1. Looking at the range 224-241, is at least one residue away from ligand 2 (no atom under 16 Å from the Cβ) and without any contact (Cβ under 8 Å) to a residue 24 or more places away in the chain?
2. Report, by residue number, each residue of the range 124-133 that is touching a residue at least 24 places away in the same chain (Cβ under 8 Å) and either assigned to a helix (DSSP H, G or I) or more than 12 Å from ligand 2 (Cβ to nearest atom) (or both).
3. For S144, only one of the following conditions fails: (1) modelled with pLDDT of 95 or more; (2) touching a Lys or Arg at 6+ places or on another chain (Cβ under 9 Å); (3) within 16 Å of ligand 1 (Cβ to nearest atom). What is its number?
4. Tell me whether the range 203-213 contains one or more residues that are without any contact (Cβ under 8 Å) to a residue 60 or more places away in the chain, closer than 17 Å to A36 by Cβ and surrounded by 20 or more Cβ atoms within 10 Å (Cβ to Cβ).
5. How many residues are in a helix (DSSP H, G or I) and either at pLDDT below 95 or away from ligand 1 (no atom under 16 Å from the Cβ) (or both) if we restrict to the range 188-208?
6. Check Y76, Y89 and return the single one that is of a type in the set (S, T, Y) and assigned to a helix (DSSP H, G or I).
7. What do you reckon, is L127 closer than 18 Å to P157 by Cα, among the aliphatic types (A, V, I, L, M) and surrounded by fewer than 17 Cβ atoms within 10 Å (Cβ to Cβ)?
Amino acid sequence: MNFHKQLFQYMIDLVPQIPIIFLIDFLRYFLFAGMAFLVFYIWKHPFQSRKIQEKNAKPSQFKKEFLYSVSSVIIYTSVTLIVFLFRKYGYFKFYNHIEDHGWGYLILSTILILGIQDFYFYWTHRLMHTRWLYKRVHKVHHDSVTPSPWTAYSFHPWEAFIHSLIMPIVALLFPIHPLALMIFMTFQIIRNVLGHSGYEIFPYWMGTNKILKLVNSNTNHDMHHQSFRYNYGLYTTAWDYLFGTVHPEYEKTFAKVTSKEQGQRRSELQESI
Ligand SMILES: [Zn+2]
Ligand SMILES: [Zn+2]
């Protein structure tokens, strides 16, 4: 079979997978963002005193965030399909049997994917804050100054494309099992939804521990949406600390949002109203 005929056949073979990939990506977003929305915005949850901003996310922003998120899911689906296509030509390293590399490798490769993404996100995010790219690409995400769970995938299509490239990048570097990919995708949506939830769930002492303060908090990313200039990290604050981009007020704000005293003060205040 000549090259063009074979390519056409491969593309036809992929068609039945389009709705499946789209649905998996969409449901992952919709279920986690929906769950966070129910917990933080509809139900009376135990984190009410942990609201990060005084301002509330506007209901009018939810629809826009949701529609941009659906457009991001379309981009992710397209990139996955392109990766699947090139995989047939042996370009990407996937494997289906865990025993080929063992469980240790599976765990290690998942951690490695997350680590590489953390670094990739930090630098591409900083790049998107340069004037030209910010105005044309990243501004869509920052239109949500007070983010909500629906902001998680609210990106300009070019930004969604930049984020989606992490999958082909890691699949070029080392063999990846679908389970590692699934854990990674679930982890990133949980982090993303929480980072935009508007509430802090991490404990106060995390901010005072030298190692644990390297774990990115919800307050950290929320402050990025307010200030635009600091806190570019995704899973960790390591790169922000290393390259001096941690918001000068971050540690203080985290302590304020998570301190019991503040929670008590707020509930006392609410009772007195
Ligand atoms: Zn954000
Ligand atoms: Zn940003």
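1. No; the residues of the range 224-241 include none that is away from ligand 2 (no atom under 16 Å from the Cβ) and without any contact (Cβ under 8 Å) to a residue 24 or more places away in the chain.
2. Matches in the range 124-133: T124, H125, R126, M128.
3. It fails just one condition, (1).
4. no
5. Keep residues of the range 188-208 that are in a helix (DSSP H, G or I), which gives 188-195, 204-207.
Narrowing the set further to residues that are either at pLDDT below 95 or away from ligand 1 (no atom under 16 Å from the Cβ) (or both) leaves 204-207.
Total satisfying the criteria: 4.
6. Values: Y89 fails: assigned to a helix (DSSP H, G or I).
Result of the check over Y76, Y89: Y76.
7. Yes: the conditions hold for L127.
Residue by residue, here is whether (1) in a helix (DSSP H, G or I); (2) touching a residue at least 24 places away in the same chain (Cβ under 8 Å); (3) loosely packed, with under 12 Cβ neighbours inside 10 Å; (4) out of contact with any helix residue (DSSP H, G or I) (no Cβ under 6 Å at 6 or more places or on another chain) holds:
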{"residue": "I21", "(1), (2), (3), (4)": "yes, yes, no, no"}
{"residue": "L31", "(1), (2), (3), (4)": "yes, no, no, yes"}
{"residue": "K44", "(1), (2), (3), (4)": "no, no, yes, yes"}
{"residue": "E65", "(1), (2), (3), (4)": "yes, yes, no, no"}
{"residue": "S109", "(1), (2), (3), (4)": "yes, yes, no, no"}
{"residue": "I113", "(1), (2), (3), (4)": "yes, yes, no, no"}
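The values are calculated or read from the model by the stated rules, or taken from the named source; none is laboratory data. Just so you know, these numbers come straight off a predicted model, no measurement behind them. Every residue, glycine as well, gets a Cβ built from its backbone with ideal geometry; the counts of neighbours run over all protein chains shown.
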